[in-house]
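Below is one structure; the comments refer to it alone.
The values are calculated or read from the model by the stated rules, or taken from the named source; none is laboratory data. Since the structure is predicted, the reported quantities are computational estimates derived from the model, not experimental observations. Glycine gets a Cβ as well: all are built from the backbone with ideal geometry, and neighbour counts include every protein chain shown.
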Amino acid sequence: MGAQDEPMARLARRLETALESTLADTVSWTVATDGPVVARLPDREFVFEQRDDPDGCRWTVVLRADGAVVSKFGQFETIDSAVERAESLVRTDVRYTVCCDG
């Protein structure tokens, strides 16, 4: 396992534990690790993007619904912070925000 793989494996384990605790058997969910770590629920998914910088690893949580990006959260400095953000969003309504830059 490479140095890059270790944080991803820890993230996947922490995410599985959090989803099991939060959702138990009320909603089906999966965690995929064949690329970025992705938590899939029936109506949404959370993609965890990792970025390395001189101060360490940073995480962004991308909330997707119907194949589209709904929101991005981060940069989180710890795996726990990123997972806690996703955990806080698993039971909330997914709302799209439309914005215009020009």
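Write out, first by first residue and then by second, each pair whose Cβ atoms fall under 6 Å of each other, whose residues are 6+ apart or on separate chains, and whose first residue, in the stretch 34-61, is free of Cβ contacts under 8 Å to residues at least 12 places away in the same chain while the second is crowded, with 17+ Cβ neighbours inside 10 Å.
Val38/Glu45; Val38/Val47
Here is a yes/no grid of residues against (1) in contact with an Asp or Glu (Cβ under 8 Å, 6 or more places away or on another chain); (2) on the phi < 0 side of the Ramachandran plot; (3) at pLDDT 95 or above:
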| residue | (1), (2), (3) |
| --- | --- |
| Met8 | no, yes, no |
| Arg14 | yes, yes, yes |
| Thr26 | no, yes, no |
| Val38 | yes, yes, yes |
| Phe48 | no, yes, yes |
| Asp53 | no, yes, no |
| Ala65 | yes, yes, no |
| Val69 | no, yes, no |
| Gln75 | no, yes, no |
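Residues that are over 12 Å from the mean Cα position of the chain (by Cα): list the strands (runs of 3 or more DSSP E) wholly contained in the stretch 9-102 that include at least 2 such residues.
By residue number, 44-53, 56-65, 68-76.
Only one of (1) loosely packed, with under 11 Cβ neighbours inside 10 Å; (2) in contact with a strand residue (DSSP E or B) (Cβ under 8 Å, 6 or more places away or on another chain) fails for Ser21. Which number is that?
The single condition Ser21 does not satisfy is (2).
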